[in-house]
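Okay, structure first, notes after.
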Amino acid sequence: MDERRPYIDEIKREFPGDVLSEDTSTPGEAYLTIRKESLPRIANFLHEVRYSTPLLSMFGTDERALDGTYKVYTVFQIPRKPVFIILKVHLNEGELEFPSITPLMYAGSPFEREMQDMFGFIPVGNPDTRRMVLHENFPRGIYPLRKDFSYGSTLDKAEGQYPFHTIEGEGMLEIPVGPVHAGIIEPGHFRFSVAGEPIINLEIRLHYKHKGIEKLMETLDFNEGCQVAEMVSGDSAVGHVTAYCQAVEKIAGIETPMLARYNRMIALELERLYNHIADIGSMSMDASFLFGAARAGILREEVMNLNDRLTGSRFLKGLVAPGGVTRDLFTARDDITNTLKEVGGGLKELVAILLSSASFLDRVKTTGVLNKKTAEDLAVTGPPARASGIDSDMRRDVPYEAYGEVRFKVPVYKEGDVFCRLSVRIDEAFESINIIEQVLKKAVQGPLKANVGARHAVPLPYRYALGCVEGWRGAILYWIMTAPGDKLYRCKIKDPSFCNWPGLSYAVLGNIVPDFPLCNKSFNLSYAGNDL
Amino acid sequence: MQKMILSWLKRRIATKDLKELVGDAKLKDCLEVVNTTSIEEFQRFSRRSVHIREVDAGSCNACELEINALNNPVYDIERFGIHFVASPRHADILLVTGPVTRNMEMALRKTYEATPRPRLVVAVGGCARDGGIFKGSYAIVGGVERVIPVDAYIRGCPPRPQELLYGILRILGRI
């Protein structure tokens, strides 16, 4: 039986008359077109009342060329099930208001503000209507993701002041930091309000790196889109491009060859490994334990050099392509095994030393607590979610590629402090080595790539699908809609950072400012992936 | 624990020989000097330590990771007296990455203005050259030179740590 059916039926039963139509043509995805007014109620039913379903993404499309309407898609995943429920709302031209889901589920707020900037939709009831993606220099009244706006538009320069929240009271002090901040790091603005040492409020302002990636995608065909997906967030190149390719393959109805699936898994786990090692190092660095940072730096470099030997790119770029992979990593089986053995041994030593240092543990334990309820409300994903007691991992819940064939543990911790986020990363790094070892034992032959392209399995225009990968930061989601001629009509990218940034601003509350870098590193979020 | 540390001390050091890192003749291609005069002038002041402020004007963050790697024990750029500093006011060189986005234009300009002379601007990566893959976007201004004068480019997407090290040491006239 179709796994989606009971959920669709239940929603129809609970909200009679609100579901206008359903579309189950894409496997694993149930698209329910609902009445605009019922969006917050059905969303809240999925999120809070019935399934505690995390909100994965929310985005708009301009489908005026098809049926004269704009649409709002709200994507939920049934916990621990490979079932995506997508609520679809039509907005007629001239009636761009829709009821905000924010009052009932806070996680919706950044998504709604994004749509407000990019499409001009009006989320009625969202208490925060400030501009987000487009800063003051963008003139008012331009909506980049509408189809009548062209990617290469030259815009005038406008001016203005961003209305930050102000926290008032005796002894309150504001500390503005960024966008150019200390260290070799991406740009973003943090505004701390402190009373003495403890942080009372942290407002994070991002989108300094907004480059118009989603609009760029609409000018490309789906082979070209690959390169751009690799450049959404450089440190998650494999995660992004794999999610992208999965969506394309789903639309084209292509079965990826097994060999390609295994290769992708190796690449995904190598990416997780080098990033987690780097994070373990930077957490030691920010707890002033420089020895740990130095050792982790050496280990990370070994993985990066392995990547380089395997693919000619230290970030594993150029490996994953629609239909499969471009080269076979199995030919370097011994190299991978030997390097990982060395890295695994080194990491074990490093972890033993870190976890026996009282001064280090003193810094990381009970620092930057994100409690489970807040994490759920904000739809936090990845290691920060698992450190706060949320048991979710796309590799296990939606076993893409061939993750169903390997055995691995999903570490879950309860306290939600820096130490838990560190522990999740340590455990996952070892699990990554374990997964790669299991994959390398598989003996497979066959093609590396199924044919996708202009003359083979041409996806029909205006079909859509989701691609979903558990990147090292959390769930990466791509939603793609095709246009005629192998082009992309719309590509919505959701980097896990988008939902995790608000998580950080809650985790630091009550902590002292000098602990902020440590909290920040324990999340290690992407600015580029958030800003697009 | 003691045993572990003792065993480490016996190992070969992780830091690579400079010759091994920048000896490759192919590395020459990664550096493009556009303002020879300013670089020659700068070299007279930069015989000893040099301070670099890194500015990300909109990159995909791969350039940042590679620049960060210069500080790890393998490349250890500090052994040449080159430090990354927190403020442009302490900097001699600005290392700028990314296409400059509209949202970062003003911040980049202010950072440049806050850097005391003599100063150099080195643009890193393909996007910093002319916007790279994002060239022509409504949301970017273009390459770094559209906003501030650039003295040299280090090419690559992203440039490897060896290439960055080679480029920086060449600009300083050390190799």
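The values are calculated or read from the model by the stated rules, or taken from the named source; none is laboratory data. Remember, it's a predicted structure, so these values are computed and weren't measured experimentally. So basically every Cβ, Gly included, is an ideal-geometry build from the backbone, and we count neighbours across all protein chains shown. Keep in mind that these areas ignore ligands, DNA and RNA; they rest on the heavy atoms of the full protein, side chains included. Shrake-Rupley method; radii C 1.70, N 1.55, O 1.52, S 1.80 Å.
Residues B:Val85, B:Val100: which one is β-branched (Val, Ile, Thr) and either surrounded by fewer than 24 Cβ atoms within 10 Å (Cβ to Cβ) or within 22 Å of A:Asn275 (Cβ to Cβ) (or both)? Before the answer, list the steps.
Working: B:Val100 fails: either surrounded by fewer than 24 Cβ atoms within 10 Å (Cβ to Cβ) or within 22 Å of A:Asn275 (Cβ to Cβ) (or both).
Going through B:Val85, B:Val100 in turn, the sole match is B:Val85.
For region A:227-236, how many residues meet the condition of being open to solvent by less than 10 Å² (accessible area, probe 1.4 Å) and either more than 14 Å from the chain's Cα centre (by Cα) or modelled with pLDDT of 95 or more (or both)?
1
From the list B:Ser46, B:Ser7, pick out the single residue that is surrounded by 20 or more Cβ atoms within 10 Å (Cβ to Cβ), over 26 Å from A:Met231 (Cβ atoms) and among the small types (Gly, Ala, Ser). Explain how you work it out, then say what you get.
Working: B:Ser7 fails: surrounded by 20 or more Cβ atoms within 10 Å (Cβ to Cβ).
Answer to the check: B:Ser46.
Of everything in region A:161-194 that's out of contact with any Gly (no Cβ under 8 Å at 6 or more places or on another chain) and on the phi > 0 side of the Ramachandran plot, which residue is most open to solvent (accessible area, probe 1.4 Å)?
A:Gly169
Yes or no, residue by residue, for (1) away from chain B (no Cβ under 14 Å); (2) open to solvent by less than 10 Å² (accessible area, probe 1.4 Å):
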site: A:Gly474; (1), (2): yes, yes
site: A:Tyr489; (1), (2): yes, no
site: A:Asp495; (1), (2): no, yes
site: A:Cys499; (1), (2): yes, yes
site: A:Val513; (1), (2): yes, no
site: A:Pro517; (1), (2): no, no
site: A:Tyr527; (1), (2): no, yes
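Quick one: which residue in B:Arg160, B:Arg129 is at the interface with chain A (Cβ under 10 Å from one of its Cβ atoms), open to solvent by 40 Å² or more (accessible area, probe 1.4 Å) and within 14 Å of the chain's Cα centre (by Cα)?
Details: B:Arg129 fails: at the interface with chain A (Cβ under 10 Å from one of its Cβ atoms).
Among B:Arg160, B:Arg129, only B:Arg160 is at the interface with chain A (Cβ under 10 Å from one of its Cβ atoms), open to solvent by 40 Å² or more (accessible area, probe 1.4 Å) and within 14 Å of the chain's Cα centre (by Cα).
Identify all residues within region B:119-155 that are touching a strand residue (DSSP E or B) at 6+ places or on another chain (Cβ under 8 Å) and either at positive phi or assigned to a helix (DSSP H, G or I) (or both); write none if there are none.
Looking only at region B:119-155, we keep the residues that are touching a strand residue (DSSP E or B) at 6+ places or on another chain (Cβ under 8 Å), and these are B:119-125, B:127-131, B:134-135, B:139-155.
Scanning region B:119-155 gives B:Gly125, B:Cys127, B:Ala128, B:Arg129, B:Asp130, B:Gly131, B:Phe134, B:Gly142, B:Val144, B:Glu145, B:Arg146.
Looking only at region A:104-149, filter to residues that are of a type in the set (Asp, Glu) and over 13 Å from A:Phe59 (Cβ atoms); which one of those is surrounded by the fewest Cβ atoms within 10 Å (Cβ to Cβ)? So that I can check it myself, show each step before the final result.
Taking region A:104-149 as the starting set, the residues that turn out to be of a type in the set (Asp, Glu) are A:112, A:114, A:117, A:128, A:136, A:148.
Still in the running and over 13 Å from A:Phe59 (Cβ atoms): A:128, A:136, A:148.
Working: A:Asp128: 14, A:Glu136: 15, A:Asp148: 7.
Out of the qualifying residues, it is A:Asp148.
Taking only pairs six or more apart or across chains, which ones have beta-carbon atoms under 7 Å, a first residue in region A:102-119 that is among the basic types (Lys, Arg), and a second residue that is open to solvent by 10 Å² or more (accessible area, probe 1.4 Å)?
A:Arg113/A:Asp128; A:Arg113/A:Met132
Answer yes or no: is there a residue in region A:73-87 that is at pLDDT below 95, outside any strand (DSSP E or B) and either among the small types (Gly, Ala, Ser) or over 30 Å from A:Leu504 (Cβ atoms) (or both).
no
Within region A:50-62, identify whether any single residue is open to solvent by less than 40 Å² (accessible area, probe 1.4 Å), touching a His at 6+ places or on another chain (Cβ under 9 Å) and either farther than 19 Å from A:Lys250 by Cβ or touching a residue at least 12 places away in the same chain (Cβ under 8 Å) (or both), and answer yes or no. If you could, list the steps in order and put the result at the bottom.
Here is the first cut: in region A:50-62, the ones open to solvent by less than 40 Å² (accessible area, probe 1.4 Å) are A:51, A:53, A:55-62.
Remaining after also requiring touching a His at 6+ places or on another chain (Cβ under 9 Å): A:53, A:55.
Then keep just the ones that are either farther than 19 Å from A:Lys250 by Cβ or touching a residue at least 12 places away in the same chain (Cβ under 8 Å) (or both); that gives A:53, A:55.
Taking every residue of region A:50-62 in turn, at least one turns out to be open to solvent by less than 40 Å² (accessible area, probe 1.4 Å), touching a His at 6+ places or on another chain (Cβ under 9 Å) and either farther than 19 Å from A:Lys250 by Cβ or touching a residue at least 12 places away in the same chain (Cβ under 8 Å) (or both).
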